[in-house]
Amino acid sequence: MSNESLANLLREERRFEPPAQLAADANVTAEAYERAKADRLGFWAEQARRLSWSTEPTETLDWSNPPFAKWFKDGRLNVAYNCVDRHVEAGHGDRVAIHFEGEPGDSRSLTYAELQREVAKAANALLELGVRTGDRVAVYMPMIPETVVAMLACARIGAPHSVVFGGFSADALATRVQDADARVVITADGGYRKGGASALKPAVDEALSRPGTENVRNVLVVRRTGQDVDWTEGRDLWWHDVVDRQSEEHTPEAFEAEHPLFILYTSGTTGKPKGILHTSGGYLTQVSYTHHAVFDLKPETDVFWCTADVGWVTGHSYIVYGPLSNGATQVLYEGTPDSPHKGRWWEVVEKYKVTLFYTAPTAIRAAMKWGDDIPAKFDLSSLRLLGSVGEPINPEAWIWYREHIGAGRTPVVDTWWQTETGGIMISPLPGVTATKPGSAQVPLPGISATVVDDEAREVPDGAGGYLVLTEPWPSMLRTIWGDDQRYLDTYWSRFENRYFAGDGAKKDDDGDIWLLGRVDDVMLVSGHNISTTEVESALVAHPAVAEAAVVGAADPQTTQAICAFVILRGAAAEELEEGGLVDELRAHVAKQLGPIAKPKRILPVAELPKTRSGKIMRRLLRDVAENRELGDVTTLTDSSVMALIQQKLPTAG
Ligand code: 6R9
């Protein structure tokens, strides 16, 4: 696609300067870029001093065996001590760490002092169950404070956790328990979602009946919903029986900086899930620094809320480790945004006077679809900064977010990163960067990223290619659990000495980076590479379209033909009966991006298939568009969506 068409699509040419007061008081200023450029490792060594080490590291990076990095390797620390105890020791024990809001409306606030006691008790309980340094613990939980406590208790005793999203099936849980060879599973009877109690324990029972899970000695069960559970005597234990009676004292042990902190599985499009391994010192340094820098956190006054689930990396880094290492006060919300009503999130913002809010484009587009009048009913004036993560955010959604949630005055930071990167990599800095709707813009200080072509040559400004990371970073994955070769093959073999992120990207004329979706999703139409993101953004820019997903379907004439699935806004859907709208949308895309990007087919649908973390699963839509049997649907939020979409299709062709 030509640069003119990109410029055209992004006719949203407005730039948003940081608010003057925010810039004046910002945690991080432009000087950080200079500092990091002059001495990248020195810069990260300084950031490591944000943490309390029992042995200060003297060596910043050991890259003698690339791509197997060792950061701060002679340093020792305890991650849980850094997230909890040291804030209490510094006199902040009375500060609220977590405002928990349950979906049914129950709430409870935990101070740092209370969190310290809970984590100590849970750590003592795990020790009593025989969990030892290095043993893996699977965590399969709803979004409740005990989940955070469980993760920190594992970190405290050096037992890597493997959190499995509570919405995943028994199958998915079994594979992950087997792969990590977990010794204990921490779960709950259930949690509240979509207005009801949704069970978790039966999936654990089923998963543990599978071969390869025999090493799980105990299942520790939190009572959340009170629903009936089956019980395996000798294996299953109630959290309240075992944890509540423990001592509130536990002396944290210091571990090496490279001690494994957690494994988190990412599904990827093919093959078995990859167990992404993160370690302690480098990971905590980067999530702490990025949380401080990107969200401009002022721990005394801010209330942070990241809406992700802890089963996703965003929850690990920006609910548990980043905010808590910084002594933040944050909201933890259990349920879905539309239960019991579509204003639930905004009600929570109003209730806790949330100042910093971090969510995903999919949620923003849903809120747009539900209507401007819903957030307008709540007092959102406490908000001072908004963040986005998970997918490219269309300029249209970015502007809506700023206008309707941020009252047209808050900065919006679009943060690009991955499970593998551990922490934020590319993002504006709210006190420095003039933001551009739709672009993640610049690598953070200390991070080196660029865009290269097929031959690994850096592309000039105004051109597109593949996003690569050119220098190691502290919170990088260390390997794929049990599979070093797959780590090399997946990330380090596409380009020599560069980390291949798997995302398409473009540099604009200012050199700012625009993310264009997964490389697997790029379409090839009559010899042109066309990004799904750009066509989707063009469609969403039309007032009749609430959401769009675009795929390339095999086509005898053009290699691939663009096939768009769109969710229409209410009134527009009626207009469609008279026909015309589909033609208008095709013409609209042609006008915005050029005739080559005009979708061959546009199919209005009621819902799009999404993963649990809110990403559109284009590969399933490609299966539909190419009349194939559907691939793996186990990570879908709602598998009935695909049946609905298939019904709508007059067999493709
Ligand atoms: C944090 C997280 C990683 C993939 C990543 C990319 C997409 C995430 C994005 C974004 C454009 C952003 N992605 N943030 N694309 N702009 N701001 O989402 O981790 O679940 O591992 O997904 O998500 O495609 O490669 P993970």
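At-a-glance table
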| quantity | calculated |
| --- | --- |
| Residue among Leu264, Leu237 that is surrounded by fewer than 21 Cβ atoms within 10 Å (Cβ to Cβ) and hydrophobic (A, V, I, L, M, F, W, C) | Leu237 |
| Considering residues of segment 387-401 that are in a helix (DSSP H, G or I) and within 12 Å of the ligand (Cβ to nearest atom) only, the residue surrounded by the most Cβ atoms within 10 Å (Cβ to Cβ) | Ala397 |
| Qualifying strands (runs of 3 or more DSSP E) (wholly inside segment 477-530; at least 3 residues being closer than 25 Å to His316 by Cβ, within 16 Å of the ligand (Cβ to nearest atom) and touching a residue at least 40 places away in the same chain (Cβ under 8 Å)) | 499-507, 513-518 |
| Residue that is touching a residue at least 12 places away in the same chain (Cβ under 8 Å), in a helix (DSSP H, G or I) and surrounded by fewer than 19 Cβ atoms within 10 Å (Cβ to Cβ), where the choices are Val582, Val535 | Val582 |
| Criterion: at positive phi and crowded, with 19+ Cβ neighbours inside 10 Å - qualifying residue of Gly517, Gly511 | Gly517 |
| Looking only at segment 538-560, and only at residues there that are over 26 Å from Thr415 (Cβ atoms) and in a strand (DSSP E or B), the one that is farthest from the ligand (Cβ to nearest atom) | Asp555 |
| Tally, over segment 17-48, of residues that are under 26 Å from the mean Cα position of the chain (by Cα) and free of Cβ contacts under 8 Å to residues at least 12 places away in the same chain | 0 |
| Candidate set: segment 83-118, residues that are basic (Lys, Arg) and touching a strand residue (DSSP E or B) at 6+ places or on another chain (Cβ under 7 Å); chosen: the one surrounded by the fewest Cβ atoms within 10 Å (Cβ to Cβ) | Arg108 |
| All strands (runs of 3 or more DSSP E) inside segment 125-220 with 2 or more residues being closer than 26 Å to Thr419 by Cα | 137-140, 161-163, 184-188, 190-193 |
| Residue in segment 172-180 that is more than 26 Å from Leu636 (Cα to Cα), buried (at least 21 other Cβ atoms within 10 Å of the Cβ) and out of contact with any His (no Cβ under 9 Å at 6 or more places or on another chain) present | no |
| Hits in segment 402-418 - residues which are under 27 Å from Ile447 (Cβ atoms), in a loop (DSSP other than H, G, I, E, B) and either within 20 Å of the chain's Cα centre (by Cα) or aliphatic (A, V, I, L, M) (or both) | Pro411, Thr415, Trp417, Gln418 |
| Subset tally (residues that are over 24 Å from Pro543 (Cβ atoms), within 16 Å of the ligand (Cβ to nearest atom) and of a type in the set (A, V, I, L, M)) for segment 356-386 | 1 |
| Residues satisfying the stated conditions in segment 457-485, i.e. over 28 Å from Val79 (Cα atoms) and among the charged types (D, E, K, R) | Arg457, Glu458, Asp461 |
| Single unsatisfied condition, Gln592 versus (1) of a type outside the set (D, E, K, R); (2) assigned to a loop (DSSP other than H, G, I, E, B); (3) under 31 Å from the mean Cα position of the chain (by Cα) | (2) |
| Condition check for Phe165: farther than 24 Å from Gly327 by Cβ and among the aromatic types (Phe, Trp, Tyr) | yes |
| Pairs with Cβ under 6 Å, 6+ apart, first in segment 412-429 and farther than 13 Å from Val468 by Cβ, second more than 9 Å from the ligand (Cβ to nearest atom) and of a type in the set (Phe, Trp, Tyr) | Val412/Trp398; Val412/Tyr401; Gly422/Tyr283 |
| Enumeration of residues in segment 406-427 that are of a type in the set (A, V, I, L, M) and either near the ligand (Cβ under 8 Å from one of its atoms) or out of contact with any Pro (no Cβ under 6 Å at 6 or more places or on another chain) (or both) | Ala407, Val412, Ile424, Met425, Ile426 |
| Among (1) farther than 30 Å from Thr329 by Cβ; (2) touching a Lys or Arg at 6+ places or on another chain (Cβ under 9 Å) - the single one Phe255 does not satisfy | (1) |
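Residue by residue, here is whether (1) surrounded by 24 or more Cβ atoms within 10 Å (Cβ to Cβ); (2) among the acidic types (Asp, Glu); (3) within 11 Å of the ligand (Cβ to nearest atom); (4) assigned to a strand (DSSP E or B) holds:
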site	(1), (2), (3), (4)
Leu429	yes, no, no, no
Thr433	no, no, no, no
Thr450	no, no, no, yes
Asp454	no, yes, no, no
Asp461	no, yes, no, no
Trp473	yes, no, no, no
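Any read-out appearing in this document is the output of simple, stated calculations on the displayed coordinates, not a laboratory observation. This one's a predicted model, so the numbers in the text were calculated from it and none came from an experiment. Note: ideal-geometry Cβ built from the backbone for every residue, glycine included; neighbour counts use all protein chains shown.
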